[in-house]
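Structure record follows, encoded as structure tokens.
Nothing in this text is a laboratory measurement; each read-out follows from the coordinates by a stated rule. These numbers were taken from a predicted model, which means no experiment stands behind them. Glycine gets a Cβ as well: all are built from the backbone with ideal geometry, and neighbour counts include every protein chain shown.
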């Protein structure tokens, strides 16, 4: 059985990162958005809500190579079939071909994650691509991200 603690920690740190933006965003954790063909609920790691707009987040951290690479491809397919916009936000040791497939899809967003860093510095989004995507989907003013203080 895979260890889900690191994945859950990544999800929780991503949630804390979003909360640090101090925007009026409601964050739901592990909520179902549809049913799979086998009758089981399909849950998203995070669902963000602002007003009447939603965005789902699939948060995937990979600490090593192996079968998790294939899971990222399944996650990409699940994100494509989600009833709300759902980027796959990933970090860690992802094979180059899988990383390219995720990013080229327009759904995958790579961020930097350091599990050993202090809590508020674990997530880094150096070009604000993840944050920009969230702002655009939720109808927030993303231009303010590029204004000089």
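Okay, helix-only estimate at 222 nm for the chain: each DSSP H run of n ≥ 4 adds -39500 (n - 2.57), divide by all residues, round to 500 deg cm²/dmol; what do you get? Display every interim value, and only then the final one.
Working: 4 runs with 47 residues, N = 149.
For the chain, the value works out to -9500 deg cm²/dmol.
I'd like the antiparallel share, as a percent to the nearest 5, of DSSP beta bridges with both residues in the chain. Before the final figure, lay out the partial values.
Values: 15 of 23 bridges.
Of those bridges, close to 65 percent are antiparallel.
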Taking 142, 35, 21 and counting other beta carbon atoms within 10 angstrom, the fewest-first order is 35, 21, 142
The alpha-carbon center of segment 17-32 and that of segment 101-149 are separated, in whole Å, by 14
Note on the chain: contact order normalised by length, alpha-carbon pairs under 8 Å, 6 or more apart, percent, works out to 19
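How do 75, 40, 86, 6 line up, fewest other C-beta atoms within 10 Å first? List each step's numbers first, then the result.
Values: 75 21, 40 9, 86 25, 6 15.
Ordered by Cβ neighbours within 10 Å, fewest first: 40, 6, 75, 86.
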Checking 104, 16, 59 against a Gaussian network model of the chain (alpha-carbon springs below 10 Å), the top fluctuating residue turns out to be 104
Taking 93, 26, 58 and counting other beta carbon atoms within 10 angstrom, the fewest-first order is 26, 93, 58
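For a test of the definition: using alpha carbon positions, the gyration tensor, and the 1.5 limit on a/c, classify segment 36-149 as rounded, prolate or oblate.
Details: a/c = 1.83, a/b = 1.15, b/c = 1.58.
The shape class here is oblate.
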